[in-house]
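Read-outs: derived from the displayed coordinates by stated rules, not from any lab. Every value quoted in this text rests on a predicted model; they were computed, and no experiment measured them. All Cβ positions, glycine included, derive from the backbone under ideal geometry; neighbour counts span all protein chains shown.
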Amino acid sequence: MGMKICGPKLSACCSVISTWGVIMLVLMGVFFRVNSVALFEDLTLESNKTLTRAELEEAYTEVSNNCFIAAGLYVLWLFFSVWQMHVNSKEQYNVS
């Protein structure tokens with residue numbers, strides 16, 4: 001049996017939030033990857049510099065990669081939360 005770290009309500013809440021985080025960050029990563037104009041303001045650019053197309057695409061790709069990395073971290077947290085839900089449900093049925 002696994003080690004109980006958080007309770008059933010907290011693990012369920014974290015699972016829901018993690019699922020939403022993965023969906024949102026993957027979609028944002030895709031939209032940054034296709035250079036969505038709507039997300040231009042979210043790029044980290046120097047304000048007084050004229051940008052080339054290559055620099056602009058590099059900035060979009062960098063932010064896209066960051067979104068995918070963050071989504072990966074949310075996936076890990078989702079696995080942990082689901083594991084905790086499983087541990088809590090096993091403990092609930094084993095109590096006499």
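Descriptive notes on the structure:
- Residues being crowded, with 18+ Cβ neighbours inside 10 Å and closer than 29 Å to residue 45 by Cβ - total across region 64-92: 4
- Complete set of residues in region 4-33 that are assigned to a helix (DSSP H, G or I) and either in contact with a Pro (Cβ under 6 Å, 6 or more places away or on another chain) or among the aliphatic types (A, V, I, L, M) (or both): 10, 12, 16, 17, 22, 23, 24, 25, 26, 27, 28, 30
- Scanning region 15-60 for residues that are over 19 Å from residue 74 (Cα atoms), surrounded by 11 or more Cβ atoms within 10 Å (Cβ to Cβ) and hydroxyl-bearing (Ser, Thr, Tyr) yields a count of 2.
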